[in-house]
1. For Gln88, what residues show an amide H to amide H distance below 5 Å, using hydrogens built from the backbone and excluding near sequence neighbours?
2. Label-point separation (nm) for Ala159 and Ser366, each offset 7 Å from Cα along Cα-to-Cβ?
3. Along the Cα→Cβ direction, 7 angstrom out, place labels at Lys133 and Leu294. What is the inter-label distance in nm?
4. How far apart, in nanometres, would the label points at Leu216 and Lys250 be if each is projected 7 angstrom from Cα along the Cα-to-Cβ direction?
5. Run through every distinct alpha carbon pair of the range 305-348 and return the Kirkwood hydrodynamic radius in angstroms, one decimal place.
6. So, R0 is 45 Å and r is the distance between the beta-carbons of Ser95 and Glu330; what FRET efficiency does that work out to, to 0.05?
7. Which parts of the range 119-161 would a label at Thr167 reach, counting a residue when its backbone N lies under 16 Å from a point 7 Å out along Cα-to-Cβ?
8. Take the Cα radius of gyration of the range 79-215 and divide it by 2.2 N^0.38 Å, with N its residue count; two decimals is plenty.
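What follows draws every value from the coordinates through simple rules; no lab data is involved. As the structure is a prediction and not an experimental result, all values here were calculated from the model. In this analysis, Cβ positions are derived from the backbone assuming ideal geometry, glycine residues included, and neighbour counts consider all displayed protein chains.
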Amino acid sequence: PTKENPYEDIPVQPLPLWRSPSAWKLPPPKSAFRTPKTPHRLPRGRHKRIAQLQQSSKRNPHYQTLERDLIELQEQQLFELFVVVSLQKKPSEGSYVPQVIQQFPSKPEGKGKRLPEVYCMVSRLGCFNLFSKILDEVEKRREMSPALVYPFMRSVMEAPFPAPGCTITVKSYLPGAGDGSIELCRPLDSRLEHVDFECLFKCLSVCHLIRVCASLLLERRVIFVANSLRCNLSGSFIPQVLIVDLCADKFLQEVSDEDEILPPKLQAALIQILEERNEILAQEQSFSQEDVTLNSLVSEAFVRFFVELVGHYSLSMTVTERGERVFQREPFRKSHTSRSVRHFLDLFMETQMFAGFIQDRELRKSGVK
């Protein structure tokens with residue numbers, strides 16, 4: 001099956017016209033099952049941060065993540081329900097309440113003139129562009145006759161469920177136009193389809209952006225404030241918090257170790273790609289036929305970053321006598337030759353984000369539908 005999260009078992013293809021920074025090419029991980037050495041003495045500050053993370057992260061073997069939702073709850077249908085919602089006036093109060101006046105798969109209801117309507121798609125998939133195309137076709141048909149909506153939505157629901165990045169063809173009929181077809185393409189990763197990184201780079205410099213990401217990776221508190229996004233903290237005390245002013249591109253409060261969280265070489269490589277993003281995109285637009293967007297470039301850079309850190313996690317999975325796969329934390333940490341990477345993993349492995357990542361990947365491998 002096609003996978004939406006390329007981390008450890010999907011090769012990342014380099015963009016044609018830019019070389020990967022040398023920092024991406026770390027030495028290969030050592031064997032994950034060597035006899036553990038006696039742990040070296042950790043700095044006092046590092047002990048403190050690990051203890052704080054262990055205290056704040058109450059371990060739960062089943063973290064609920066977006067990936068888990070997609071795996072466990074996703075049915076082999078593109079959507080579950082299509083509804084048209086209108087407003088119904090209350091005779092006694094003079095106010096309006098929403099009311100479903102048409103839906104599929106049930107038959108449409110209601111007669112006479114209608115108040116303003118809204119078209120709704122109920123689905124666990126956030127395929128906004130795909131659903132927008134479907135709703136455009138619905139609107140065309142409702143302008144002619146509401147009865148034309150039902151057969152169209154039935155043909156969409158009966159079409160094969162598209163894998164990420166794949167296209168399905170749905171038969172279409174319109175009076176006067178005859179038989180036709182509509183192509184519906186599901187994005188490779190619907191969770192990034194509506195994300196616009198351009199706005200992020202307009203608000204924050206690359207250095208500040210990296211420090212914010214580092215704080216989020218350790219699941220620290222981060223508060224964003226702006227002229228149109230106010231936050232009143234009068235008299236409030238929030239420990240271990242990073243307060244970011246999006247309008248001024250500055251930190252109003254910080255822990256002061258944000259620059260030391262990520263491994264230096266990997267952080268430098270990530271900064272290099274993000275700072276040269278405009279040059280890379282300009283080269284791509286000049287020499288490549290493929291449409292490389294800012295969103296895909298930023299996503300690719302962070303995927304490379306995480307592949308270097310955790311892409312080989314499966315080498316540290318062991319099978320118990322009961323056949324259960326168990327992650328070996330210490331062999332995984334020691335498999336990295338870089339001391340700074342091992343330092344970061346000490347902290348990162350205590351987060352729910354890391355535990356959720358391992359859980360999601362194992363669910364994918366086990367073929368849970």
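1. Here Val97, Gln99 satisfy the definition.
2. With each label point 7 Å from Cα toward Cβ, the separation is 3.3 nm.
3. Label-label distance for Lys133 and Leu294, simple model: 2.5 nm.
4. Each label point is offset 7 Å from its Cα along the Cβ direction, giving 2.3 nm.
5. Final number for the Kirkwood radius of the range 305-348 is 11.1 Å.
6. In this case the efficiency is close to 0.10.
7. 129-131, 133-134, 160
8. In units of the 2.2 N^0.38 Å rule of thumb, it is 1.39.
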